[in-house]
Amino acid sequence: MADTPYDVVVIGGGPGGYVCAIRAAQLGLKTACVEKRGALGGTCLNVGCIPSKTLLNASQRFAEAGHDLGRLGITLGKVGLDLAAMMGHKDKVVVDLTKGIEFLFKKNKVDYLAGTGTLSGPGAVALTDAAGRESELAAENIVIATGSDHMELPGVDIDEKRIVSSTGALALSRVPKHLLVVGGGYIGLELGSVWLRLGAKVSVVEFLERIVPGMDGEIANAFQRVLKKQGMQFRLSSKVTGAKRIKGGVSLSVEPAKGGASETVEADVVLVAVGRRPYTEGLGLDRAGVVLDEAGRVKVDERFRTNIAGIYAIGDVIPGPMLAHKAEEEGIAVAEILAGQSGHVNYETVPAIVYTWPEVAALGRTEEELKETGRDYEVGKFPFTANSRARCIADTEGFAKVLSDAKSDRILGAHIIGPDAGTLIHEVVVAMEFGASAEDLARTCHAHPTLNEAVKEAALAVEGRAIHI
Ligand code: FAD
Ligand code: NAD
């Protein structure tokens, strides 16, 4: 057992855990972060947000160079793909950023303990390093930040070569001829877009009758239309019920979601992207008596306390959207709570972004949710075809949509599909954080010519007074 107990031991060095550890140390708490991966940054930096956004950017530029620049009067010779170099760039970004967190730990005096952490008794964490050596840490408080892992699909066994999870799809050594994606959610559409742009045929099998469930329906329809125009193929209301390895690929059985005749589809690579599940293996939760919910997530109260005193949990391993920035906000909140402050997360203002092109951004309530709850609302929309900057950059796909309370005009949600939607949404995040009305947004001066003017015009449209349409 360590001589001086830590004030906080964080188990898991992803965006939830590492941010929590840094904030706790900033607040004067003696802090350690235990991570078993061999690198800090968790899913997000190693096999999630960062490598996927790096490939999304590189593949988008490849696609533009290949067939989009002509309309701007730029002609190029034959555009070539050096996939190994593209992957090398991605790997370097990952290593640089994960090393950067080690530097931040040193700067903030967080002890980085490489190894697997297990709850081993009240106020104790057993640490097993890569060589199997065991030691015990004493901790006043323990924060579980062990994140999530991909979900499996029965009958479709992932080998990370022919049948891959997102991790394998981020590291293919060749562009597949046909990539079949199971699941039309964030991962399927982002990584499907990467390989589509690099030359693969991409078809998506989605269980529901729509893509990106949980996002605003009108936006989802527009999103599917635009992806279809780019060449992505969709089989909605369908499920994959089995996969067989064949020479050079995989043969899959696809059926209607409701059941019915099965069809055989062949692909050389299959990406299984049907969601993620909380990761709690090997943590010793049972022995410690920590209660999970029906979905296997660690149950916490509004102060991130589990049912066991001194044990907290944050990030993908607890309920809520599985997003890096949500995990980070929770990490900061729990550190501040442990330091005697009143940490808090406003879940109403957590944006969600699909980083395809165009990007898709969602914030707050969708129209479907407002209808379901019987809330009276107003809607304002503005298309990028009517935005001058979008015209300048020849990126006019999509629209911005603002939803506000019919009586008070308070903004309830915003949804954008369009160029840089993921950046644009943040002005509405700030507005909502300050309890703004759609009129507040509409009366705020926006520089011309910017894409943000589409957001202002959507806010103006709530009262039927958009200028440019
Ligand atoms: P994680 O990042 O999963 O980190 C948990 C860490 O805990 C892991 O490193 C794991 O090794 C470690 N660990 C587990 N058990 C133990 C143990 N017993 N002892 C020691 N260490 C342990 N989100 C976004 O917001 N934006 C995006 O663009 C985005 N893109 C994504 C793309 C992909 C392909 C994927 C898979 C996910 C993406 N996400 C994105 C989701 C995002 O990665 C997660 O929401 C985020 O990483 C969750 O953070 P976390 O700290 O809760 O957990
Ligand atoms: P997801 O929940 O976004 O999408 C999964 C999709 O698979 C859903 O549309 C679901 O209906 C479908 N599905 C489920 N079972 C199926 C089946 N048997 N057959 C066909 N379709 C099926 O999950 P994901 O894409 O795996 O991503 C996991 C999580 O990771 C996301 O929910 C998100 O929280 C996070 N993530 C975020 C980003 C981002 O922020 N840009 C990117 C990637 C991942």
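Among the residues of the range 120-138, those that are out of contact with any Phe, Trp or Tyr (no Cβ under 8 Å at 6 or more places or on another chain) and either acidic (Asp, Glu) or under 14 Å from residue 8 (Cβ atoms) (or both) comprise 123, 124, 125, 129, 134, 136.
Every condition in (1) under 25 Å from the mean Cα position of the chain (by Cα); (2) crowded, with 17+ Cβ neighbours inside 10 Å is met by residue 379 except one, and the failing one is (1).
Which ones in the range 220-240 are free of Cβ contacts under 8 Å to residues at least 40 places away in the same chain, open to solvent by less than 40 Å² (accessible area, probe 1.4 Å) and more than 22 Å from the chain's Cα centre (by Cα)? Of everything in the range 220-240, those that are free of Cβ contacts under 8 Å to residues at least 40 places away in the same chain, open to solvent by less than 40 Å² (accessible area, probe 1.4 Å) and more than 22 Å from the chain's Cα centre (by Cα) turn out to be 231, 238.
Take residue 274 and tell me if it is away from ligand 1 (no atom under 16 Å from the Cβ), β-branched (Val, Ile, Thr) and either open to solvent by 50 Å² or more (accessible area, probe 1.4 Å) or in contact (Cβ under 8 Å) with a residue 40 or more places away in the chain (or both).
On the way: away from ligand 1 (no atom under 16 Å from the Cβ): no; β-branched (Val, Ile, Thr): yes; either open to solvent by 50 Å² or more (accessible area, probe 1.4 Å) or in contact (Cβ under 8 Å) with a residue 40 or more places away in the chain (or both): yes.
No, not satisfied.
Just so you know, in the range 35-84 the residues that are outside any helix (DSSP H, G or I) and open to solvent by less than 50 Å² (accessible area, probe 1.4 Å) include one that is farthest from ligand 2 (Cβ to nearest atom), and it is 79. Restricting attention to the range 250-264, the residues that are closer than 27 Å to residue 198 by Cβ and within 29 Å of the chain's Cα centre (by Cα) add up to 3.
Taken as a whole, the structure leaves residue 243 outside the set of residues that are in contact (Cβ under 8 Å) with a residue 12 or more places away in the chain, part of a helix (DSSP H, G or I), in contact with a Gly (Cβ under 7 Å, 6 or more places away or on another chain) and away from ligand 2 (no atom under 11 Å from the Cβ). Only a single item in (1) touching an Asp or Glu at 6+ places or on another chain (Cβ under 7 Å); (2) under 26 Å from residue 278 (Cα atoms); (3) assigned to a loop (DSSP other than H, G, I, E, B) is not met by residue 29, and it is number (2).
So that you can scan it fast, the table gives a plain yes or no per residue for (1) under 21 Å from the mean Cα position of the chain (by Cα); (2) within 16 Å of ligand 1 (Cβ to nearest atom):
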position: 288; (1), (2): no, yes
position: 296; (1), (2): yes, yes
position: 299; (1), (2): no, yes
position: 305; (1), (2): no, no
position: 313; (1), (2): yes, yes
position: 331; (1), (2): yes, yes
position: 336; (1), (2): no, no
position: 351; (1), (2): yes, yes
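Condition check for residue 430 on (1) of a type in the set (Val, Ile, Thr); (2) in contact with a strand residue (DSSP E or B) (Cβ under 9 Å, 6 or more places away or on another chain); (3) open to solvent by 20 Å² or more (accessible area, probe 1.4 Å): one failure, at (2).
If you go through the range 125-148 one residue at a time, do you hit one that is part of a loop (DSSP other than H, G, I, E, B), within 13 Å of ligand 1 (Cβ to nearest atom), of a type in the set (A, V, I, L, M, F, W, C) and farther than 30 Å from residue 233 by Cβ? Walk me through it before giving the result.
Taking the range 125-148 as the starting set, the residues that turn out to be part of a loop (DSSP other than H, G, I, E, B) are 129-133, 145-147.
Within this subset, residues satisfying the condition of being within 13 Å of ligand 1 (Cβ to nearest atom) are 129-130, 145-147.
Restricting the remaining residues to those that are of a type in the set (A, V, I, L, M, F, W, C) gives 130, 145.
Of the ones still in play, those that are also farther than 30 Å from residue 233 by Cβ are 130, 145.
Checked against the condition, which is being part of a loop (DSSP other than H, G, I, E, B), within 13 Å of ligand 1 (Cβ to nearest atom), of a type in the set (A, V, I, L, M, F, W, C) and farther than 30 Å from residue 233 by Cβ, the range 125-148 yields at least one hit.
Scanning the range 198-219 for residues that are assigned to a loop (DSSP other than H, G, I, E, B) and either within 7 Å of ligand 2 (Cβ to nearest atom) or surrounded by fewer than 18 Cβ atoms within 10 Å (Cβ to Cβ) (or both) yields 199, 206, 207, 208, 209, 210, 211, 212, 213, 214. The residues of the range 171-195 that are hydrophobic (A, V, I, L, M, F, W, C), within 17 Å of residue 87 (Cβ to Cβ) and open to solvent by 10 Å² or more (accessible area, probe 1.4 Å), listed by number, are 171, 172, 175. Restricting the range 306-326 to residues that are within 12 Å of ligand 2 (Cβ to nearest atom) and closer than 21 Å to residue 118 by Cβ leaves a set whose member that is surrounded by the most Cβ atoms within 10 Å (Cβ to Cβ) is 315.
Quick one: would you say residue 350 is within 16 Å of ligand 2 (Cβ to nearest atom), over 24 Å from residue 32 (Cβ atoms) and touching a residue at least 60 places away in the same chain (Cβ under 8 Å)? Break it down into steps so the answer makes sense when it comes.
On the way: within 16 Å of ligand 2 (Cβ to nearest atom): yes; over 24 Å from residue 32 (Cβ atoms): yes; touching a residue at least 60 places away in the same chain (Cβ under 8 Å): no.
So residue 350 fails the test.
If you check 414, 466 for being open to solvent by less than 30 Å² (accessible area, probe 1.4 Å) and either in contact with a His (Cβ under 7 Å, 6 or more places away or on another chain) or without any contact (Cβ under 8 Å) to a residue 60 or more places away in the chain (or both), only one passes: 414.
Determine, yes or no, whether residue 180 is more than 16 Å from ligand 1 (Cβ to nearest atom) and assigned to a strand (DSSP E or B). So that I can check it myself, show each step before the final result.
Working: more than 16 Å from ligand 1 (Cβ to nearest atom): yes; assigned to a strand (DSSP E or B): yes.
Considered against the rule, which asks whether it is more than 16 Å from ligand 1 (Cβ to nearest atom) and assigned to a strand (DSSP E or B), residue 180 comes out as yes.
Remark: residue 251 matches the filter, which requires a residue to be open to solvent by less than 20 Å² (accessible area, probe 1.4 Å) and free of Cβ contacts under 8 Å to residues at least 24 places away in the same chain.
The values are calculated or read from the model by the stated rules, or taken from the named source; none is laboratory data. Quantities reported herein were computed from a predicted structural model and do not represent experimental measurements. Don't worry about glycine lacking a Cβ; one is built from the backbone with ideal geometry, like all the others, and counts go over all protein chains shown. Side chains included, ligands, DNA and RNA excluded: accessible areas come from the protein's heavy atoms. Shrake-Rupley method; radii C 1.70, N 1.55, O 1.52, S 1.80 Å.
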